[in-house]
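Asker: Can you read through this structure? Questions will come right after.
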Amino acid sequence: MCQIPAPAGHETQLTEFVLRYVQQHQAQWHTAPKILAGSEFQDCIILVFGRPRTAVFAHLDSIGFTVRYGRQLVRIGGPVAETGYRLVGEDSQGAIDCLLVVDDHTGALSYDYHRDLDRGTELTFYCDFRETETTVQSCYLDNRLGVWNALRLCETLEHGIVVFSCWEEHGGGSVAYLAKYIYETYGVRQALISDITWVTEGVQPGQGVAISLRDSLIPRRAYVDRIRRIAAASGIPHQLEVEGSGGSDAKELQHGAQPWDWCFIGAPEDNVHSPDEIVDKRDVESMLALYQVLIKEL
Amino acid sequence: MCQIPAPAGHETQLTEFVLRYVQQHQAQWHTAPKILAGSEFQDCIILVFGRPRTAVFAHLDSIGFTVRYGRQLVRIGGPVAETGYRLVGEDSQGAIDCLLVVDDHTGALSYDYHRDLDRGTELTFYCDFRETETTVQSCYLDNRLGVWNALRLCETLEHGIVVFSCWEEHGGGSVAYLAKYIYETYGVRQALISDITWVTEGVQPGQGVAISLRDSLIPRRAYVDRIRRIAAASGIPHQLEVEGSGGSDAKELQHGAQPWDWCFIGAPEDNVHSPDEIVDKRDVESMLALYQVLIKEL
Amino acid sequence: MCQIPAPAGHETQLTEFVLRYVQQHQAQWHTAPKILAGSEFQDCIILVFGRPRTAVFAHLDSIGFTVRYGRQLVRIGGPVAETGYRLVGEDSQGAIDCLLVVDDHTGALSYDYHRDLDRGTELTFYCDFRETETTVQSCYLDNRLGVWNALRLCETLEHGIVVFSCWEEHGGGSVAYLAKYIYETYGVRQALISDITWVTEGVQPGQGVAISLRDSLIPRRAYVDRIRRIAAASGIPHQLEVEGSGGSDAKELQHGAQPWDWCFIGAPEDNVHSPDEIVDKRDVESMLALYQVLIKEL
């Protein structure tokens with residue numbers, strides 16, 4: 001899944017992959033969901049299981065680069081840039097496999113390749129997927145792991161909504177209408193954000209999934225406290241995160257015109273937004289386990 | 001009221017205080033309002049009087065600090081930070097009364113206390129309420145005075161809406177849905193923002209309530225001009241404010257999907273966002289008097 | 001049209017001009033539109049032709065300055081400021097014709113005039129309209145040319161919506177409700193942004209209207225690709241633009257609670273946001289020609 005290009009604004013291929021996956025696997029799931037997709041939802045997908053009380057949001061899109069003029073590149077979202085990173089894509093002349101170049105003085109971004117690329121071509125990190133007994137490492141674990149978590153959650157889900165959103169890495173733009181639709185159609189206004197966070201001095205790999213008490217925004221305390229009580233009672237390993245910056249799909253829930261409660265819950269990764277994102281498998285396991293409990297008890 | 005902690009995201013205690021106050025006092029009010037509160041409105045409250053044409057917005061929340069890792073603090077909103085400010089709060093081990101510490105070199109925030117505090121604990125300024133014949137001084141006059149103004153306005157209100165909102169100091173998040181609900185239910189799209197502004201070279205204490213012609217956003221001129229005409233005719237002392245920065249609950253009205261007109265009208269304070277906010281009583285009086293006139297004539 | 005003052009928040013005069021123009025000319029148009037205006041739309045106008053599938057957004061407002069205290073000025077939007085620019089306006093004492101002054105050291109803005117101006121007075125660039133065989137030059141081509149393009153498009157329009165919006169230059173505030181109204185009433189969610197862009201190394205005057213593949217936001221690739229195919233097949237001269245910054249009315253479409261697709265299509269200008277904005281007439285012609293094709297084929 002990390003090999004499928006899905007830069008913000010051009011998520012189509014991953015949307016199709018997820019739709020195919022759902023079609024192929026839903027027969028084995030505990031409950032068959034109602035599948036909402038198509039042009040009214042742009043490249044997003046909503047899966048509705050039973051009588052939902054809570055919605056899980058996982059964003060499909062990733063960071064990347066857009067070809068500007070000459071050999072210039074412009075960022076999609078906030079990728080780390082280092083000279084020598086391998087970038088891939090496709091334009092009118094075929095497949096592309098080039099190298100990122102960062103100007104030492106100006107920080108300006110360009111590419112090194114044997115030909116010029118079409119204006120507007122999107123480039124993403126080349127995927128070098130590495131797995132050990134204890135870790136997974138690749139570009140775009142943020143947020144393919146959040147998507148993976150949401151799809152695995154579907155297997156046992158009885159009542160709940162799973163949402164696959166777009167544009168999270170670049171200014172948002174889909175959660176506002178998805179949240180409105182879900183609230184107005186199903187009356188649901190409790191959300192969990194299935195996304196990946198950062199390893200920091202307070203959140204260490206292997207110590208369990210992180211429950212974020214705040215990032216640049218502050219969720220409603222009463223809702224987060226309920227989640228903390230359920231997590232504590234469950235015995236599932238978890239860590240509490242407190243940040244002053246960063247954001248997620250929750251920004252659009254917070255600022256939208258429905259009274260959503262939300263909480264970011266995700267495994268921490270190191271080497272954020274680089275081709276070498278790395279996550280401890282135990283944190284992925286506790287992430288899924290905690291979502292399975294929360295979606296039942298919230 | 002300044003002693004009740006209500007940092008953005010955790011306004012519950014002040015919400016309960018206002019609800020109790022309304023229950024206890026509404027029998028003495030000219031008109032009994034319809035009270036809208038509860039989980040569909042998170043920690044916000046809407047009071048509807050008669051056949052409303054205009055809504056008054058007063059935010060409940062205040063600035064503060066969140067405990068991060070070790071002894072680190074992260075800001076809630078934009079509090080002034082000086083070493084030695086007294087901060088209070090509560091965590092799993094009980095009541096907290098500690099001191100703020102600002103690193104001279106890095107500006108990093110921490111606390112000085114005999115024990116470590118729980119992650120995610122909110123701290124607010126210790127309230128030292130000081131009153132003279134002409135002034136009130138305390139932390140959180142912004143926006144307890146706006147709330148006070150709204151509650152006093154209720155006493156004589158015949159037709160109008162009074163709204164108590166949340167998260168104003170930290171990115172917003174409630175006015176979008178409150179504004180949508182009010183517009184769709186009552187057709188009201190005229191707003192007054194009952195909040196506190198700054199003493200500047202152009203707005204002096206004791207010269208009357210400030211009518212803001214703009215801050216970082218620009219309200220619709222036609223609406224502000226109507227308010228200026230009513231204010232001029234009323235004879236109530238007031239000042240005209242023009243700023244290029246700053247914001248209020250009006251941001252969400254301006255950016256929401258309803259055609260709200262809005263105007264910020266509030267007394268000016270000095271020592272903004274510190275424990276020593278100070279306001280001239282005459283400006284508070286003219287604020288209430290002007291709201292009483294405007295809510296009738298708009 | 002460039003002489004009519006319409007700083008963001010005070011568009012009334014231009015709104016009235018456009019309404020009068022529509023009343024006077026619609027008899028000659030192919031199709032008579034339904035005209036939506038009035039207080040429910042603040043100072044905006046919506047024209048609905050036939051059975052619309054696509055909406056064209058042109059913003060009425062311009063950049064400018066607000067008088068603060070003393071002789072200080074505050075920006076409306078992002079005008080270029082150079083000492084000596086001629087500014088005009090009106091206050092309680094009558095018409096104003098003054099000069100802009102920029103402090104060499106602080107960059108602070110003020111005005112040079114024989115008297116003090118009222119607080120909150122809006123000033124706009126004096127209009128020196130210059131036309132050659134190949135160019136037009138004036139302040140406020142951004143966005144009077146976009147408005148002109150939209151009005152000329154009306155002449156031949158059979159099915160479509162034309163929207164005149166406000167506040168685009170200063171934080172937005174009308175497109176959110178216009179977009180909601182249009183989507184809910186007509187089911188339309190395809191947009192073209194009729195606005196003016198920048199001459200850059202990749203977008204040259206005289207080479208045709210610019211189709212923007214992205215600015216600070218990224219439109220949905222599938223929609224932009226459809227537009228590119230129609231433009232290529234049409235034979236109308238056009239250029240592809242790729243930027244990492246800048247924005248338009250599309251921001252509110254992207255962030256609103258409806259699944260709008262959008263694309264910015266506009267002639268490039270040089271001397272952006274100055275009194276000397278200049279556009280090549282061929283680019284204006286190809287802009288109108290491309291809109292005429294797109295509104296039919298999208």
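No lab work stands behind these numbers, since they all come straight from the coordinates. Computed from a predicted model, the values in this text were never measured in an experiment. Cβ atoms come from the backbone with ideal geometry, glycine included; neighbour counts cover every protein chain shown.
Asker: Using the beta-carbon distance between A:Thr132 and A:Thr200 and R0 = 30 Å, what value does 1/(1 + (r/R0)^6) give for FRET efficiency, to the nearest 0.05? List each step's numbers first, then the result.
Answerer: Working: r = 22 Å, r/R0 = 0.74.
Efficiency at R0 = 30 Å is approximately 0.85.
Asker: Also: What nm distance separates the two modelled labels at C:Gln24 and B:His25, each placed 7 Å from Cα along Cα→Cβ?
Answerer: The modelled label-to-label distance comes out at 5.7 nm.
Asker: Moving on to the next point. Taking B:Lys180 as the anchor, which lysines have their alpha carbon closer than 25 Å to its alpha carbon, excluding any fewer than eight residues away along the same chain?
Answerer: Cross-link targets: A:Lys180, A:Lys251, B:Lys34, B:Lys251, B:Lys296, C:Lys180, C:Lys251.
Asker: What is the distance in Å between the Cα centroid of the range C:134-172 and that of the range B:251-298?
Answerer: With the range C:134-172 and the range B:251-298 each reduced to a Cα centre, they are spaced 36 Å.
Asker: Hey, what's the Cα Rg ratio for the protein assembly as shown versus the globular rule of thumb, 2.2 N^0.38 Å?
Answerer: On the way: Rg = 27.9 Å, N = 894, 2.2 N^0.38 = 29.1 Å.
Scaled against compact globular proteins, the figure is 0.96.
Asker: Of the candidates A:His273, A:His255, A:His59, which one comes out as most mobile in a Gaussian network treatment of chain A with C-alpha springs shorter than 10 Å?
Answerer: A:His255
Asker: Moving to a separate point now. How much of the DSSP bridge set in the protein assembly as shown is antiparallel, in percent, rounded to the nearest 5?
Answerer: In the protein assembly as shown, approximately 65 percent of DSSP beta bridges are antiparallel ones.
Asker: Moving on to the next point. Find me the longest stretch of chain A that has none of the exposed GluC sites (Glu not before Pro), where exposed means in a DSSP loop (not H, G, I, E or B) with at most 15 other Cβ atoms within 10 Å. Mind showing how you got there, number by number?
Answerer: Details: sites that count: A:Glu82, A:Glu133, A:Glu158, A:Glu201.
Longest run free of exposed loop sites: A:202-298.
Asker: Using the 2.2 N^0.38 Å rule of thumb for compact globular proteins, work out how chain B stacks up: its C-alpha Rg over that value, please. All intermediate terms of the calculation are to be shown ahead of the outcome.
Answerer: Numbers: Rg = 19.0 Å, N = 298, 2.2 N^0.38 = 19.2 Å.
That ratio works out to 0.99.
Asker: A further question follows. With the contact rule set at Cα under 8 Å and sequence spacing of 6 or more, what percent relative contact order holds for the range B:161-272? Can you show the working numbers first?
Answerer: Working: 173 pairs, mean separation 46.1, N = 112.
Relative contact order of the range B:161-272: 41 percent.
Asker: Please give the average number of partner chain Cβ atoms lying within 10 Å of the Cβ of each residue in A:179-186, rounded to a whole number. Mind showing how you got there, number by number?
Answerer: Numbers: counts 1, 6, 3, 0, 2, 1, 0, 0.
Neighbouring Cβ atoms belonging to other protein chains average 2 per residue here.
Asker: OK, next. Across every pair of different alpha-carbon atoms, what Kirkwood hydrodynamic radius in Å does the range B:53-194 reach?
Answerer: Taking every pair of different Cα atoms in the range B:53-194, averaging 1/r and inverting gives 17.3 Å.
Asker: While we're on this one: Given the range A:64-125, what whole percent of its Cα pairs are spread farther than 19 Å? List each step's numbers first, then the result.
Answerer: Values: 316 of 1891 pairs.
Result for the distance tail: 17 percent.
Asker: Considering every residue in A:257-266, what mean count of other chain Cβ atoms within 10 Å of its Cβ is obtained?
Answerer: Working: counts 17, 6, 12, 3, 2, 1, 0, 0, 0, 0.
That average works out to 4.
Asker: Where does helix A:12-25 land angle-wise versus the long Cα axis of chain A, in degrees 0 to 90, nearest 10?
Answerer: 40 degrees
Asker: Something else now. Output the 0 to 90 degree angle, nearest 10, between the alpha-carbon long axis of helix C:175-186 and the longest principal axis computed from the alpha carbons of chain C.
Answerer: 30 degrees
Asker: Continuing with this model, one more query. What average count of beta carbons from other chains do you get within 10 Å of the Cβ of residues in A:170-177? Provide the component values of the computation, followed by the final result.
Answerer: On the way: counts 5, 7, 3, 13, 4, 2, 9, 8.
Counting Cβ atoms of other protein chains within 10 Å of each residue's Cβ and averaging gives 6.
Asker: With respect to the axis carrying C onto B, what is the closest chain C residue by Cβ position, and how many angstrom separate it from the axis?
Answerer: Nearest Cβ to the rotation axis, residue and whole-Å distance: C:Ala257, 4.
Asker: Turning to a different aspect of this structure: Helix C:281-297 versus the longest principal axis of chain C: what is the Cα-based angle in degrees, 0 to 90, to the nearest 10?
Answerer: 40 degrees
Asker: About its Cα centre, what dipole magnitude does chain A give when the only charges are +1 on Lys and Arg Cβ and -1 on Asp and Glu Cβ, stated in debye to the nearest 20? Write out the running numbers ahead of the final one.
Answerer: Working: 25 positive and 41 negative charges, 257 e Å.
Once rounded to the nearest 20, the dipole reads 1240 debye.
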